[in-house]
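Right, one structure below, let's go through it.
The values are calculated or read from the model by the stated rules, or taken from the named source; none is laboratory data. The model shown is predicted, which means the values in this text are computed figures rather than measured ones. Here Cβ is always computed from backbone atoms with ideal geometry, including for glycine, and neighbour counts include all displayed protein chains.
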Protein chains: 2
Amino acid sequence: MTGWIAVAGLSPGNEALVTPEVRAALDDATDVVGYIPYVARIAPREGLTLHASDNRVELDRANLALSMAAGGRRVVIVSSGDPGVFAMASALFEAFEALGAPAIDIRVLPGITAMLAAAARAGAPLGHDFCAINLSDNLKPWALVERRIRLAAEADFAMAFYNPRSASRPHQFARTLEVLLQVCGPERLITFARAVTTPDEHIKTVTMAEALPEMADMRTVVLVGNSATRRTGRWVYTPRRAD
Amino acid sequence: MTGWIAVAGLSPGNEALVTPEVRAALDDATDVVGYIPYVARIAPREGLTLHASDNRVELDRANLALSMAAGGRRVVIVSSGDPGVFAMASALFEAFEALGAPAIDIRVLPGITAMLAAAARAGAPLGHDFCAINLSDNLKPWALVERRIRLAAEADFAMAFYNPRSASRPHQFARTLEVLLQVCGPERLITFARAVTTPDEHIKTVTMAEALPEMADMRTVVLVGNSATRRTGRWVYTPRRAD
């Protein structure tokens, strides 16, 4: 039996957003590896072993997958959203490189990343040039995050922020909002999209002057419009044209 | 009969990347509206009228959809990739706003946008903070595009470029490469992903020193790594960590 790894995106939560390509890989797998809440989304079946692990052990998880695939298992590594956006694909290639790039069949199967699901629910806030920034500073210095926010505002990008706030670092998102208020001004629109496409979904758009740190948690993706982003009816959108 | 509009993303080309949510909307529709090559992807069936239109008539298309939905039709506006990324969602809301935000049931159904499909095929080049820039200057001045590229490089974002090159504006992508060579240096990795996930797919990664304008056309999405992006085996990835 020839083993393989598929690094698959499960979308943010609604099963109707999981692509047929990902579904086929799951149907053909012998093992599923991932963070506990993502593995919990996979229906158990005979012949499928579920390997759920805690947060922040991405390299262990990647090494487990590589070792099982080398032994002939068919392994799906599951991420929420898209595996290439602040998720398991980079961690897998880090582990793969550390092992000397072994001859293992790897595929990356894209998914609907949270910012695009959130943008769809809000309207089209990312309808012009935009950037995506992971606000967690587990793997980079906070000064770099702040510098990127300032340059992104200067470029007038719409912005999507992943992992805005956690119990262990509550002050950073407050600081993010301070910087955004300063560089984008009080009228800029900001959308808090929590648990997007799940039964717990909550989407709220306010001005930067009204934004509060408590409006975000780790299940929230935050979208900031560019200088032209506007409301129409219950929607928020960024026009295609810019001057 | 109550009309509605679904603005749906068909993914870049592989039908196995079309979400079940989009498939269900297409199954329930009376009309499909879109650019000719995207409408050509929809199987004809009884009770479904296909309205294919040429490029650059996005507002006409949006107005047609709004008018049909107001008359009780169930209309899917199809985009390649994701409708919220350089596609029909913003155009629809522009037309909707111009009509005074009428009471029409609108949903935006996300899809796999080209940069994420391309990144998956290449490895994980967008695995750290990144930006997406539309290189077409139909709707914005070229100076703004160039300014955004410079600021994005200064922020050390990985970058995705949509619509890099067309017959009517061949010189701009050459200029983009000149700017990138200057601000990112000759060793920076750049991936040309043409017709990604289709039978015509061609993916090629080179250094910025080796990049040529002719490597891109309008079916290409171009991915530029950040300063840490590297190769391992046949893959390209951006590490999660940054200093």
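Could you look through the range B:206-234, keep only residues that are assigned to a strand (DSSP E or B) and crowded, with 21+ Cβ neighbours inside 10 Å, and pick out the one that is farthest from the other protein chains (Cβ to nearest Cβ)?
Taking the range B:206-234 and keeping what is assigned to a strand (DSSP E or B), we get B:206-207, B:220-224, B:230-232.
Narrowing the set further to residues that are crowded, with 21+ Cβ neighbours inside 10 Å leaves B:220-224.
Working: B:T220: 17, B:V221: 13, B:V222: 14, B:L223: 10, B:V224: 13 Å.
Result: B:T220.
List the residue pairs whose Cβ atoms are under 7 Å apart, where the first residue sits in the range A:60-73 and is at pLDDT 95 or above, the second is surrounded by fewer than 14 Cβ atoms within 10 Å (Cβ to Cβ) and of a type in the set (A, V, I, L, M), and the two are 6 or more positions apart or on different chains.
A:G72/A:M1
Among what's in the range B:186-205 and is among the hydroxyl-bearing types (S, T, Y) and in a strand (DSSP E or B), pick the residue that is nearest to B:W235 (Cα to Cα). Explain how you work it out, then say what you get.
Narrowing the range B:186-205 to residues among the hydroxyl-bearing types (S, T, Y): B:191, B:197-198, B:205.
Adding the requirement that they be in a strand (DSSP E or B) leaves B:191, B:205.
Working: B:T191: 11, B:T205: 9 Å.
The residue in question is B:T205.
Just the residues that are hydrophobic (A, V, I, L, M, F, W, C), within 22 Å of the chain's Cα centre (by Cα) and at pLDDT 95 or above, please, taken from the range A:208-243. Give the steps one after another, and end with the answer.
Initially, the range A:208-243 is screened for residues hydrophobic (A, V, I, L, M, F, W, C), giving A:208-209, A:211-212, A:215-216, A:218, A:221-224, A:228, A:235-236, A:242.
When the remaining residues are screened for being within 22 Å of the chain's Cα centre (by Cα), the result is A:211-212, A:215-216, A:218, A:221-224, A:236.
Hits for the range A:208-243 are A:A211, A:L212, A:M215, A:A216, A:V221, A:V222, A:L223, A:V224, A:V236.
Being farther than 30 Å from A:R194 by Cβ, within 18 Å of the chain's Cα centre (by Cα) and of a type outside the set (S, T, Y) is the requirement here; does A:F93 meet it? Step through it out loud before you land on a result.
Working: farther than 30 Å from A:R194 by Cβ: yes; within 18 Å of the chain's Cα centre (by Cα): yes; of a type outside the set (S, T, Y): yes.
So A:F93 passes the test.
Looking at (1) surrounded by fewer than 24 Cβ atoms within 10 Å (Cβ to Cβ); (2) outside any loop (DSSP other than H, G, I, E, B), which is the one condition that is false for A:K140?
For A:K140, the exception is condition (2).
Can you tell me which residues in the range B:16-30 are within 23 Å of the chain's Cα centre (by Cα) and either in contact (Cβ under 8 Å) with a residue 12 or more places away in the chain or away from chain A (no Cβ under 14 Å) (or both)? Talk me through it step by step, then tell me what you get.
We begin by selecting, within the range B:16-30, every residue within 23 Å of the chain's Cα centre (by Cα); these are B:16-26.
The answer is B:L17, B:V18, B:T19, B:E21, B:V22, B:A25, B:L26.
Please work out if A:D82 is surrounded by fewer than 17 Cβ atoms within 10 Å (Cβ to Cβ) and charged (D, E, K, R).
Values: surrounded by fewer than 17 Cβ atoms within 10 Å (Cβ to Cβ): no; charged (D, E, K, R): yes.
Considered against the rule, which asks whether it is surrounded by fewer than 17 Cβ atoms within 10 Å (Cβ to Cβ) and charged (D, E, K, R), A:D82 comes out as no.
For the list (1) within 13 Å of another protein chain (Cβ to nearest Cβ); (2) in a loop (DSSP other than H, G, I, E, B), I need the number of the one condition that B:I42 fails.
(1)
Going residue by residue through the range A:120-133, is there one that turns out to be in a strand (DSSP E or B) and modelled with pLDDT under 95? Break it down stepwise before answering.
Applying the first criterion (in a strand (DSSP E or B)) to the range A:120-133 yields A:123-124, A:130-133.
After this cut, where a residue has to be modelled with pLDDT under 95 as well, the list is none.
So far as the range A:120-133 goes, no, none of its residues is in a strand (DSSP E or B) and modelled with pLDDT under 95.
I'm trying to understand the selection: among the residues of the range A:1-16, which are more than 16 Å from A:R219 (Cβ to Cβ) and not in a strand (DSSP E or B)?
Step one: filter the range A:1-16 for residues more than 16 Å from A:R219 (Cβ to Cβ), giving A:1-9, A:15-16.
Answer for the range A:1-16, where residues must be more than 16 Å from A:R219 (Cβ to Cβ) and not in a strand (DSSP E or B): A:M1, A:T2, A:G3, A:E15, A:A16.
Considering every residue within the range B:155-174, establish whether at least one is out of contact with any Pro (no Cβ under 9 Å at 6 or more places or on another chain), part of a helix (DSSP H, G or I), of a type in the set (A, V, I, L, M, F, W, C) and on the phi < 0 side of the Ramachandran plot.
Looking through the range B:155-174, none of the residues is out of contact with any Pro (no Cβ under 9 Å at 6 or more places or on another chain), part of a helix (DSSP H, G or I), of a type in the set (A, V, I, L, M, F, W, C) and on the phi < 0 side of the Ramachandran plot.
Would you say B:A152 is without any contact (Cβ under 8 Å) to a residue 40 or more places away in the chain and either more than 21 Å from A:N134 (Cα to Cα) or assigned to a helix (DSSP H, G or I) (or both)? Please lay out each step first, then the result.
Values: without any contact (Cβ under 8 Å) to a residue 40 or more places away in the chain: yes; either more than 21 Å from A:N134 (Cα to Cα) or assigned to a helix (DSSP H, G or I) (or both): yes.
Yes, satisfied.
Yes or no, residue by residue, for (1) of a type in the set (D, E, K, R); (2) more than 8 Å from chain A (Cβ to nearest Cβ); (3) buried (at least 24 other Cβ atoms within 10 Å of the Cβ); (4) within 22 Å of B:R74 (Cβ to Cβ):
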| residue | (1), (2), (3), (4) |
| --- | --- |
| B:A89 | no, no, yes, yes |
| B:A95 | no, yes, no, yes |
| B:A101 | no, no, no, yes |
| B:D105 | yes, yes, no, yes |
| B:P110 | no, no, yes, yes |
| B:M115 | no, yes, yes, no |
| B:A118 | no, yes, yes, no |
| B:R121 | yes, no, no, no |
| B:A124 | no, no, yes, no |
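If B:F173 passes every condition in (1) crowded, with 24+ Cβ neighbours inside 10 Å; (2) among the hydrophobic types (A, V, I, L, M, F, W, C); (3) at pLDDT 95 or above but one, which one does it miss?
B:F173 satisfies all of (1) crowded, with 24+ Cβ neighbours inside 10 Å; (2) among the hydrophobic types (A, V, I, L, M, F, W, C); (3) at pLDDT 95 or above except (3).
Give just the number: which of (1) within 18 Å of B:R194 (Cα to Cα); (2) more than 10 Å from chain A (Cβ to nearest Cβ) does B:V179 not satisfy?
(1)
Scan the range A:40-79 for residues that are surrounded by 24 or more Cβ atoms within 10 Å (Cβ to Cβ), closer than 21 Å to B:A242 by Cβ and of a type in the set (A, V, I, L, M) and jot them down.
Across the range A:40-79, the qualifying residue is only A:A62.
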